[in-house]
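Note sheet for the following structure.
The values are calculated or read from the model by the stated rules, or taken from the named source; none is laboratory data. This is a predicted model, so every value here is computed, not measured. Using ideal geometry, Cβ is built from the backbone for each residue, glycine included, and neighbour counts are taken over all protein chains shown.
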Amino acid sequence: MAVDTLTGLSASREREREALDRLSRVHGPGELHAALLALLLPLSPAASANEAWYTETEGVATATALRHEVVALGGPARLPCFEQLLERMAKHPLAVRQTLLESTRRLMRATGTLRPIDRLHWLVMRLRLGERAQFGARVPSGADLDQLGEIEVHAVARYSAYLSRMVPGTDDPDAGDDWYAGVMAPWQARGIVPERRYPDADALVQALQELQALPWMLRPALVRGWTSAALRHARHGRLLDSAADALYLTAALLDSPLPPDLARHYAPMLQSGPR
């Protein structure tokens, strides 16, 4: 039985390497469009989402073959691949990028229920493919995290509350509250930490914009704090793919490098993924 399991793992990894090699040669706008939309689909998509994907990729001769390559990717390979393909798409004209964003919006609507991770995917796509906004900073460049003002602390709280549905990586209903309390601990003594309250779309974007305006040294510190708190809740000290992906996308949104503990989750892909 053990030999069969190892053989299966070896075959799966070899298939993944083949898929990554195929995706490394995808550069045209149509193929990038199809592959990126395939990466946005849940692993077991609803019939409506499948139908939407075929509609949005109609006319791309290799779309189905590319989707087969995407399906062969393991969890830690999918998101780095997604970001690398986005980097290629960003080199194409604005009209091509806007078409992908419009298709993405329709595809996500077709899934029925928007998952929390879907909104982070969407925000990263807008950041990578749209016009980048400039945010005015209110926090002095030499400030520490525990010196943030009340507006910034509330932004951290709203975004942390959003992450708390994904990052603990457990079905325990108390895990989100515990994780939120842990990440907000640096400001608890000042009495300015609000109760955990899940933000709507507008509140999430507003909070994100506040965080994007923080000095460049503080944004990685935030991501490290979220990651450390996640690892304290992780079984055997290993993040679930869903938790790691939420943190990975957050790092991208804040233009932050991955903390070492998070980078290890994606290490093989970051070293040898499609370029």
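Candidates 159, 180: the one that is part of a helix (DSSP H, G or I) and either in contact (Cβ under 8 Å) with a residue 24 or more places away in the chain or more than 18 Å from residue 246 (Cα to Cα) (or both) is 159. Among the residues of region 44-60, those identified as in contact (Cβ under 8 Å) with a residue 12 or more places away in the chain and aliphatic (A, V, I, L, M) are 46, 49, 52, 60. Restricting region 220-259 to residues that are basic (Lys, Arg) and more than 16 Å from the chain's Cα centre (by Cα), which is nearest to residue 117 (Cα to Cα)? Here the answer is 238. Residues that are farther than 29 Å from residue 247 by Cβ and either in contact with a Phe, Trp or Tyr (Cβ under 6 Å, 6 or more places away or on another chain) or surrounded by fewer than 20 Cβ atoms within 10 Å (Cβ to Cβ) (or both) within region 61-77 comprise 61, 62, 64, 65, listed in sequence order.
Residue selection: residue 99 satisfies the criterion of being in contact (Cβ under 8 Å) with a residue 60 or more places away in the chain, more than 30 Å from residue 161 (Cβ to Cβ) and part of a helix (DSSP H, G or I). Would you point out the residue of region 197-240, among those that are touching a Gly at 6+ places or on another chain (Cβ under 7 Å) and part of a loop (DSSP other than H, G, I, E, B), that is surrounded by the most Cβ atoms within 10 Å (Cβ to Cβ)? Out of the qualifying residues, it is 239. Of the residues examined, residue 84 is one that is polar (S, T, N, Q), closer than 23 Å to residue 258 by Cβ and out of contact with any strand residue (DSSP E or B) (no Cβ under 6 Å at 6 or more places or on another chain).
Among the conditions (1) surrounded by fewer than 19 Cβ atoms within 10 Å (Cβ to Cβ); (2) of a type in the set (Gly, Ala, Ser); (3) modelled with pLDDT of 95 or more, residue 48 misses just one, which is (3). Would you confirm, using the coordinates I've provided, whether residue 124 is surrounded by 13 or more Cβ atoms within 10 Å (Cβ to Cβ), at pLDDT below 95 and either in a loop (DSSP other than H, G, I, E, B) or aliphatic (A, V, I, L, M) (or both)? No: the conditions fail for residue 124. Here is a check on your reading of the model: is residue 36 more than 25 Å from residue 114 (Cα to Cα) and assigned to a helix (DSSP H, G or I)? The answer is no for residue 36. Per the conditions (1) at pLDDT below 95; (2) not assigned by TED's automatic domain parsing to the domain that holds residue 91, the sole criterion not satisfied by residue 111 is (2). Of everything in region 51-60 that is in contact with a helix residue (DSSP H, G or I) (Cβ under 6 Å, 6 or more places away or on another chain) and β-branched (Val, Ile, Thr), the residue that is surrounded by the most Cβ atoms within 10 Å (Cβ to Cβ) is 57.
Taking the listed residues 157, 133, the one that is at pLDDT 95 or above and under 20 Å from the mean Cα position of the chain (by Cα) is 157, with no other qualifying. Whenever a residue of region 12-37 is within 20 Å of residue 54 (Cα to Cα) and in contact (Cβ under 8 Å) with a residue 60 or more places away in the chain, its partners that are of a type in the set (Gly, Ala, Ser) and outside any loop (DSSP other than H, G, I, E, B), lying with C-beta atoms within less than 6 angstrom and at least six residues away or across chains, give the pairs 26/35. For region 72-94, the condition holds for no residue, the condition being that it is polar (S, T, N, Q) and either without any contact (Cβ under 8 Å) to a residue 24 or more places away in the chain or outside the structural domain of residue 29 (by TED's automatic domain parsing) (or both).
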